[in-house]
1. Which numbered condition trips up C:Met328, out of (1) buried (at least 24 other Cβ atoms within 10 Å of the Cβ); (2) closer than 26 Å to B:Leu22 by Cβ?
2. For D:Leu334, work out the one condition from (1) in a strand (DSSP E or B); (2) over 17 Å from the mean Cα position of the chain (by Cα); (3) hydrophobic (A, V, I, L, M, F, W, C) it doesn't fulfil.
3. For region C:64-83, indicate whether the set of residues that are modelled with pLDDT of 95 or more and within 14 Å of chain B (Cβ to nearest Cβ) is non-empty.
4. Across region D:287-300, what is the number of residues that are touching a strand residue (DSSP E or B) at 6+ places or on another chain (Cβ under 8 Å), of a type outside the set (D, E, K, R) and either more than 8 Å from chain C (Cβ to nearest Cβ) or closer than 15 Å to C:Tyr207 by Cβ (or both)?
5. Please determine, by comparing only the residues of region D:140-159 that are under 25 Å from D:Leu172 (Cα atoms) and free of Cβ contacts under 8 Å to residues at least 60 places away in the same chain, which one is surrounded by the most Cβ atoms within 10 Å (Cβ to Cβ).
6. Counting just the residues of region D:209-224 that are modelled with pLDDT under 95 and out of contact with any Gly (no Cβ under 7 Å at 6 or more places or on another chain), which one comes out farthest from the other protein chains (Cβ to nearest Cβ)?
7. Answer with yes or no whether C:Asp101 is touching a helix residue (DSSP H, G or I) at 6+ places or on another chain (Cβ under 7 Å) and either at pLDDT 95 or above or within 14 Å of chain B (Cβ to nearest Cβ) (or both).
8. Any residue in region C:181-207 that is more than 8 Å from chain A (Cβ to nearest Cβ) and more than 22 Å from A:Arg243 (Cα to Cα) sitting within a Cβ distance under 6 Å of a residue that is assigned to a helix (DSSP H, G or I) and not polar (S, T, N, Q)? List the pairs, counting only those 6 or more apart or interchain.
4 protein chains.
Amino acid sequence: MDTIRIGIVGGAGYGGGELLRLLLAHPHARVVEVTAKRNAGAPVHGVHENLLGATSLVFTDRDPAALAREVDVLFLALPHGEGAARMAAVLDAAPDVRVIDLSGDFRLADAAEWEEAYERPHPAPGLVGTFVYGLPEAFRPAIRASRRVANPGCFATGAILSLLPLARAGLLAGPVALNGVTGSSGSGTDPKPGTHHPERALDFRAYRPLRHQHLPEIVRALRGAGGVAFQPAMVPHSAPLVRGIFTTAYLFPAAPIPPDRLREVYDVACAGEPFLRLREETPRVAVVKGTNFCDVAVAASPDGRQVVVTTAIDNLVKGMAGQAVQNMNLLFGLPEIEGLSGPGMHP
Amino acid sequence: MDTIRIGIVGGAGYGGGELLRLLLAHPHARVVEVTAKRNAGAPVHGVHENLLGATSLVFTDRDPAALAREVDVLFLALPHGEGAARMAAVLDAAPDVRVIDLSGDFRLADAAEWEEAYERPHPAPGLVGTFVYGLPEAFRPAIRASRRVANPGCFATGAILSLLPLARAGLLAGPVALNGVTGSSGSGTDPKPGTHHPERALDFRAYRPLRHQHLPEIVRALRGAGGVAFQPAMVPHSAPLVRGIFTTAYLFPAAPIPPDRLREVYDVACAGEPFLRLREETPRVAVVKGTNFCDVAVAASPDGRQVVVTTAIDNLVKGMAGQAVQNMNLLFGLPEIEGLSGPGMHP
Amino acid sequence: MDTIRIGIVGGAGYGGGELLRLLLAHPHARVVEVTAKRNAGAPVHGVHENLLGATSLVFTDRDPAALAREVDVLFLALPHGEGAARMAAVLDAAPDVRVIDLSGDFRLADAAEWEEAYERPHPAPGLVGTFVYGLPEAFRPAIRASRRVANPGCFATGAILSLLPLARAGLLAGPVALNGVTGSSGSGTDPKPGTHHPERALDFRAYRPLRHQHLPEIVRALRGAGGVAFQPAMVPHSAPLVRGIFTTAYLFPAAPIPPDRLREVYDVACAGEPFLRLREETPRVAVVKGTNFCDVAVAASPDGRQVVVTTAIDNLVKGMAGQAVQNMNLLFGLPEIEGLSGPGMHP
Amino acid sequence: MDTIRIGIVGGAGYGGGELLRLLLAHPHARVVEVTAKRNAGAPVHGVHENLLGATSLVFTDRDPAALAREVDVLFLALPHGEGAARMAAVLDAAPDVRVIDLSGDFRLADAAEWEEAYERPHPAPGLVGTFVYGLPEAFRPAIRASRRVANPGCFATGAILSLLPLARAGLLAGPVALNGVTGSSGSGTDPKPGTHHPERALDFRAYRPLRHQHLPEIVRALRGAGGVAFQPAMVPHSAPLVRGIFTTAYLFPAAPIPPDRLREVYDVACAGEPFLRLREETPRVAVVKGTNFCDVAVAASPDGRQVVVTTAIDNLVKGMAGQAVQNMNLLFGLPEIEGLSGPGMHP
């Protein structure tokens, strides 16, 4: 296997930092260039202080389209809307380049649906629908066959992985509540009121109840996998964690799912998956921190009329940069765990 | 109004500390004696360091029955089962004393149900059913008319207050998911693995999915209030908070409840209640910290088929000691907010 | 005692919130008006959510000089420099009004020294030196006799209270290291990189080593109290706390101070002070949270050549708003603890 | 290079978990067996949940002496005193085995000094003095030439690395204050009052002022390196961190050390060291988390009469398991950074 030449556009955020942490240690990757408009000229380790000594890269202000011509794969880690505005130029300049977009711009198949969820016009409606949704556990063959990947949202990753086994088994029918809990790193590197330490450190709160922008991608993925009438009630919450997404999915199944049957469905679903670990007890965000794992546990009432699935992921790894590397591995025919096999730290 | 003479049994825990903080400032209360077997002889401020200068009380090892004869009201803040074992002797010794029990021993009306929830034999089955369930918002007249109050559990308080308005309005019909999140102070003062700082500080996890011991008291209270077939799926979670219970209740109503109707139900329900505050946005545990308030917010999907209610309380105040003082005020005909009106600290 | 009419200028910050929390419960205070330019027209509880139900005040944009004419005392809680720019107009408009300034503008007696510490021109150099330094434990008689008080800085309060007994006993001679640790609320309500939750929650760091702007006021107060050649090495640190200043003062005394002598000095110094509590063990910021207490502990090496004093305060109370209320009590001849006697919460 | 066969005695603690995390990824290491009396028979990943999938090892209850015969190096991660009690048997059974002891048992050269510091009789006084003190930056040649290494304490590592350059340059003369701050993982895996989350999460406190048991090893190492009369005043503190030791060292030098000279001394000292990183600004524990780095910054007053050195390490890595692996690399002639080169996570 040759070395994959990599460009990262918008590398100064937490997603960019994690991409660098993972790709600098990846045996088949070479990060050629990292752009970051506001930090152009600064050494990468000036922003990502943990990388001091690990890289001598300096942020540039290069145009993404120009960079695309010199790499095998381009990761875009820009705010929603900004990558889409440059995408046509990138694809014109380098028609063969692989693109992995970490934003929400190309996760939906329909521009109107996107505009409703993100409450703005889509900057490149003509390209909507040309990206594969990059959740390997759900769409592995399509990702392998594609050149353009829309990397899933962090809440969406947790939610879809929680329910995918039920959907595939034809059991995702009935009311579903999706309770999501996120750490503060999901809000990005810019300080804002909701991540102000005096306010966040002792608080727990909900936000955007029933109307989070990840909802359409969750619905789309799980309907596609078999949950035909799936329409969950979803409430995201902010916790005083730094990393982590914890999802508690409640299903009131149309037909009872006894505990044994439930367990069997998840045993089978997790069996061949390198990043799904079925836990006897509850998953813990502390245990998946820094890793690409999604830990899962299931419970059902004795009569099978109440089903609960809990999952924990690291929002910056499986919920963002790690999953992006997993997608890169698929695009280039590498083993899926390449560069992603390290255990996390505990505690 | 004369001064109420108060005895506290088991005052060295967090519940005891909060009772003391509130009662020492209560205009009609005088704490006569506080027992704590393991700390007998130690000044109260040696255990509750925040009370240095606020009281010169010393913990005693007095028998609860003997203490009962010298006070108007006895608060029992003992581990589950320990208070019940002494209750008959207390009531024999002082038939007229008011008793407010902070444990779970007398919250259910049926000993068999208790034994299933708490997985042990009840130490005083003959007394089960002789206590009023001390949630004033639900059972105010009964509390006023009684002498014995079983103070509700912290998760139960959050859950019942979330759904009580719907139950009373006859709208609590359909599947319900109850997602509860608690801070570490709910586990008490004894160090244990789940409250070990290196493990708890960065973690979020579930526990006892679908089988928490507060479930029967929740079901009993809400069925009694009108939610006839109410049988929620409840999952409690541990968050890296110190104080706070956050409840997210999801209802898939049998008949749609449009957003306006939902709001109206909660407006009416909160209107006369001194400790319920309806919020436009989400409740926040940071904002109710140290207070007896239960902050509430509601949301419904436009079609009324998904309803979400979120509440935040301080588990040690409205979820424990504050509610116990609220019950004391009711037992003695005092204004319900006496000693409970202070705002919390922020941040 | 009549009721004191109070105006608060710049009441939307954490200091303003704490002033309101304390003054709304003060038996002799009435908050007449609270200004906050950016929040004018908003209810106070919209910003300080903990005050919902405690006040119906609405922030105004009134000119401080106009407000000064209608109150007995004006608290200024503005950013450094902003209060000073308005001070001459205030004093012209209401020559008899008492002023308590929470900023650093008038803490030093010399404009040149101020300009070096704050690295900018002083907006009202002519008024420098006309305020009393409002640390009651050090300057009680002068505060009682004055009309204008410069409320001390939070680090300065912890540092001065740590060493004042030594200075007064003539023992503050020799090298001194002042190690200060602060919670994030000391940075105010505006989100900034150093208070961004993902960065702050797991971090401990130093800042401005040997050159913090509180150093001159510390030196001035302690030299005045007897530490003639006092020139400490001070390093402030940021900890993942919300509230609290912890000071560890190391003295290498010119003449040995044996442990017994050290203890005696602090016993005497704390004896009559309502807000100093000498602890056998270490002070804890968790225990003074929400209170005006300064907890103190001392240790010396057996040979008396190394002396350590540790103190803990709540930066927003004894380090800011509580001390301002203590100063108000002194200005109006009230008992010093009026409105400040409540115990804190624990945990 | 052949593979090093490794035995770990007492592998169920945080130090054992970190040894495993590092050694399982080390290119020349093979962990043969891990003992843990209380967990014998349990899979390693049952205790160290982060290692699920990374190892199939099962804890054993093997006698250390028996295990010593089958490995090239034995790591002992036992409570103070327990390893020493078994050491003679280990050395009898396997005279050639390398031993790296993570406890404090053999860090001092004198049994009487040890007994004073640890307040108990030494279990193997005859072996005291036969171990090299395993701080590579201070004693690299001696470590390389030895078979038995006493791994330094976490506070000691931070303190010695802070001052070693000054000692070697002959500048460590004058009063020194050592202010240490630790996270909760330094207290080990057993829950205790000081690590109870409700108490620790919002607290900052000092403990054992002027008499921490690491003081003698710090004094010994720095006097040996040139700080002839070195006798620091040291106060350790507990912060609400999980990982990290932050040291602030204050020196009042006998002869002034101007800022430029200070910087030059540390530039030279850090130049060849793989794990020392000189920072322009302050070190941050968040940035060294999970790594073997010790980040350093220096400051001096313009007149050179006050010097401050700050360092940050991860107490479980450079302060424990990482340093133990660094020592192993030295014992076996490997590059010092083998298995230790990964960047940490941020945030």
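The values are calculated or read from the model by the stated rules, or taken from the named source; none is laboratory data. Not measured: the values here are computed from a predicted model. Heads up, the Cβs are rebuilt from the backbone with ideal geometry, glycines too, and the neighbour counts pull from every protein chain shown.
1. In the conditions (1) buried (at least 24 other Cβ atoms within 10 Å of the Cβ); (2) closer than 26 Å to B:Leu22 by Cβ, C:Met328 misses (2) alone.
2. Single failed check for D:Leu334: (1).
3. No: zero hits.
4. 8
5. D:Ala150
6. Top of the filtered list is D:Gly224.
7. When the stated conditions are applied, C:Asp101 passes them.
8. Partner pairs satisfying both residue conditions: C:Gly186/C:Cys154.
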